[in-house]
Every structure is written in C-alpha cells, then in structure tokens.
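Enquirer: I'd like to ask you about the structure that follows.
The values are calculated or read from the model by the stated rules, or taken from the named source; none is laboratory data. Since the structure is predicted, the reported quantities are computational estimates derived from the model, not experimental observations. Because the Cβ atoms are built from the backbone with ideal geometry, glycine has one as well, and the counts that use them run over all protein chains shown. Note: areas computed on protein heavy atoms with side chains; ligands, DNA, RNA excluded. Shrake-Rupley method; radii C 1.70, N 1.55, O 1.52, S 1.80 Å.
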Amino acid sequence: MVNEKLKEAMTQQVTEEYRAAYIYRYLANEMDALSFPGLCSWFAAQAQEECDHAQKFAQHLIDRGERVKPHDITIDAPEISTPLDAFRAALAHEKKVSEQIREITRIADEVGDLGSRALLNWFLEEQIQEESTVGEIVDQLELVGTDGSGLLRIDAALSNRSTNE
C-alpha cells in the first residue's frame, strides 16, 4: 500500500501526464495547420510519450496494490501563431511538469516511501532531458527568427523523431 498523500500526488500526476499529451496533441495540430509536418510529427511523438509517462505512474500504483482513477482533464490552449510560440509553450509546460515531479519526490521522501525512489529518479532525469531538448529547439527557433529556409531546416530535422524515443 502507498501512503495516501503520495498516492493522491501520483494519481494527480497521471492526470497531469495525460494533460500534457492533450497539450502536445494540440500543438501538433497547430503545426500541421501552419504547414510544418516535421514539427507536427515531433509534437505527436511527444504526446505519445506523455501517455507512456502517465502509464508508468499508473503501473507503479497498480503494482503496489492501488487503483488509479485519473481526474478530469481540461487545458488552457495557448494562442499559437508560430513554431516559436509552440515550443515556448512546450518549454513552459515542461518546467511545470518538472516542478510537479520534484514535489512528488519531496512527498515520497517526507513519508519515507523508498519503493518509489527508482520511478521518481527516472522521472527527475527525464525532465532534465525534456527541458534541455525543448530549450535547444527554442534557442534554434529564436536564432532563425522568421527565416523561411531556417524554419524549414528545423522542420525537416525534427521530422525524424519516432514515437519510440
């Protein structure tokens, strides 16, 4: 059994990971509407990854004898006019998720739940990678600005991401 406070925090994170998937799917649609198929593909793969993250938390709870009932999901869809808008929104969201993971880790430490440590350490490392990756893309988009050929090169480069990364 998992401490009730930690169980609720992890259940909430299941919901947050699914919320992230919705946000990334929305950003994929926006990139598709702006005719950036590579960026659309990148965001679609990210949406799938977020669903996988939700399942990691859910499976951890299930493996420990708990039931998982995610909360309702709503999103505040940011206004997107450019790829840079989309990736800035993604970076802000990743920073929010990083803090949520750190808070769950603090709760696990507070209640002495060593059984969650491996899962949480994985997520802490994953969030460092997520912020770094999205931050680099933001930097590149800022560098090229509105240069069409630069945007198309970034679009082409990001099209190579598979949903298994």
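Enquirer: Assuming 0.36 nm per residue, please report the length gained on full extension of the stretch Val144 to Met1 beyond their Cα-Cα distance.
Expert: 46.3 nm
Enquirer: Note the angle between two axes, namely the Cα long axis of helix 117-144 and the longest principal axis of the Cα atoms of the chain, as a number of degrees from 0 to 90, rounded to the nearest 10.
Expert: 10
Enquirer: Rounded to the nearest 10 degrees, what's the angle between the helix 148-158 long axis and the longest principal axis of the chain, both from Cα atoms, 0 to 90?
Expert: 40
Enquirer: Arranged from highest to lowest average of other beta-carbon atoms within 10 Å per residue, in what order do the peptides 138-147, 94-103 appear?
Expert: So the peptides 138-147, 94-103, ranked by packing, come out 94-103, 138-147.
Enquirer: On to the next question. Please work out the C-alpha center-to-center distance from segment 1-57 to segment 86-130 and express it in whole Å.
Expert: Using only Cα atoms to place each centre, the spacing works out to 14 Å.
Enquirer: Oh, and also: Before I look further, what does segment 39-165 give for accessible area per residue, probe 1.4 Å, in whole square angstrom?
Expert: Working: 6840 Å² over 127 residues.
Normalised by residue count, the accessible surface of segment 39-165 is 54 Å².
Enquirer: Let me ask you something else. For Ser132 and Asp32, what is the calculated FRET efficiency with R₀ set at 35 Å and r taken between the beta-carbons, to the nearest 0.05?
Expert: With a Förster radius of 35 Å, E is 0.85.
Enquirer: Carbon and sulfur together cover what percent of the accessible area of the chain at a 1.4 Å probe radius?
Expert: That share works out to 51 percent.
Enquirer: A further question on this structure: If I model a spin label at Asp63 and Asp76 as a point 7 Å from the Cα along the Cα→Cβ vector, what separation in nanometres do I get?
Expert: For Asp63 paired with Asp76, the spin-label model returns 3.5 nm.
Enquirer: Another one. Hey, of (i) 1.02; (ii) 1.09; (iii) 0.95, which did the structure itself give for Rg/Rh (Cα atoms, Kirkwood Rh) when calculated?
Expert: The value matching this structure is (i).
Enquirer: Could you state the angle between the C-alpha long axis of helix 4-33 and the longest principal axis of the C-alpha atoms of the chain, as a value from 0 to 90 degrees rounded to the nearest 10?
Expert: 10
Enquirer: In what order, largest first, do Ile154, Ile73, Ile128 sit by accessible area if the probe radius is 1.4 Å?
Expert: So the residues, ranked largest to smallest area, are Ile128, Ile73, Ile154.
Enquirer: Moving to a separate point now. Sort 106-113, 22-29, 83-90 by packing, meaning the average of other beta carbons within 10 Å per residue, with the highest value first. The partial results should precede the final answer.
Expert: Values: 106-113: 15.2, 22-29: 20.1, 83-90: 22.0.
Ranking the peptides 106-113, 22-29, 83-90 by packing returns 83-90, 22-29, 106-113.
Enquirer: To the nearest 10 Å², what's Glu8's accessible area with a 1.4 Å probe?
Expert: It works out to around 80 Å².
Enquirer: Any chance you could run the full-extension gain for Lys95 through Leu124? It's 0.36 nm times the residue separation minus the Cα-Cα distance, nm to one decimal.
Expert: Going from the current span to full extension adds 9.3 nm.
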